[in-house]
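What follows is a set of notes on a single structure, which appears directly below.
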Amino acid sequence: MSKKKQVKKVEEAVKVEEAVKVEEAERQVVEAVMEVQAPAATHQPYNQAVDLLGKAFVFFNEKLAAGQLDITPVITIQSKGRRAAYGWFWDCTWKNGDEAARPEINIAAEHLSRSARNIFETLIHEMAHMISAKKGIKDCNTAQYHNKRFKITAEEIGLTVEKMGAYGYAKTALGERAMAVVDEFIAGNDCSVFDTFNRVDHSRQWRKVWTVPCEEDAKNEIKRIAAEQNITEKQVVNILLSTYSNKAEDALETTVG
């Protein structure tokens, strides 16, 4: 091998070694950022609110529904989008391995500023739908018309029900029995998160939304890290972007809406 080729081979080896060192340094930075930020994630108001709703579900199921809901739903706080709704029930929407599919109960993020009583009334309303689903009863159609079957179930668990135009028997409120149970729960739990935490922006038209093109393996890796660190996938992306901000901006695509 000529001296020139030997020099070139050494230079290439050095470049590879330097690239590996840079990659390892970047990995350590990301891990350090995660170690700092991940513990705080468990104390965010969102998690507090979801945990409180889950605790309330168990309490109301026992006190109002005689424990008949033996499957715990996945409780979320998501934007209502264009829906005119305080919340919703969606059957068989979540899977975890070989477990049976679980339903979803969502409380609309834009309406968390209501009183704890009203938020829990919405939760009980959605629990009525869950009871119907468990019994194989269709109590609402795709146009959100709540029929008399919903009315019967809702009244059985302590709600009062009135007609609401095209939505049928959709207007519910806490009856005397449900009110007492809700007040008992509020008295025994700190519900102050609902006093301060809610989504205030209903429109995104003026905002810039950053999207990162991802291949399937990148998405899976983000999911894996989120699961290991017990944080959301969005938090993983934000951490990565904050660490690699200069490099990432070239790959970002700006969209509006």
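We did not get these values from a lab; they are worked out from the coordinates using the rules stated. None of the values given here were measured: they were computed from a predicted structure. Here the Cβ is made from the backbone with ideal geometry for all residues, glycine too, and neighbour counts use every protein chain on show.
So here's what we get for this one:
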| quantity | calculated |
| --- | --- |
| Ranking of C191, C92 by count of other Cβ atoms within 10 Å, fewest first | C92, C191 |
| Rounded FRET efficiency, nearest 0.05, which uses the C-beta distance separating K163 from E184 and R0 of 30 Å | 0.50 |
| Over 29 Å between alpha carbons, listed pairs K134/K234; K138/K234; K55/K219; K63/K148; K95/K148; K63/K223 | K134/K234; K138/K234; K55/K219; K95/K148; K63/K223 |
| Point-to-point label distance, K234-R149, nm (Cα→Cβ direction, 7 Å offset) | 3.5 nm |
| Additional length obtainable on full extension of the chain from A100 to T72, 0.36 nm per residue less Cα span | 9.0 nm |
| Calculated log₁₀ intensity ratio I(q)/I(0) where the Debye formula runs over C-alpha points of region 45-196, q = 0.12, 0.14, 0.16 Å⁻¹ | -0.47, -0.65, -0.86 |
| Calculated on alpha-carbon atoms, Rg and Dmax of region 92-181 in Å | 13.9, 42 |
| FRET efficiency, 1/(1 + (r/R0)^6) with R0 45 Å, evaluated for E221 and E12 via beta carbons | 0.95 |
| N47/K138 FRET efficiency (R0 51 Å; Cβ-Cβ; nearest 0.05) | 0.90 |
| Gain on full stretching of the segment that runs from S79 to E156 - 0.36 nm per residue minus C-alpha separation | 24.8 nm |
| In region 51-130, GluC sites (Glu not before Pro) in a DSSP loop with at most 12 other beta-carbon atoms within 10 Å | E99 |
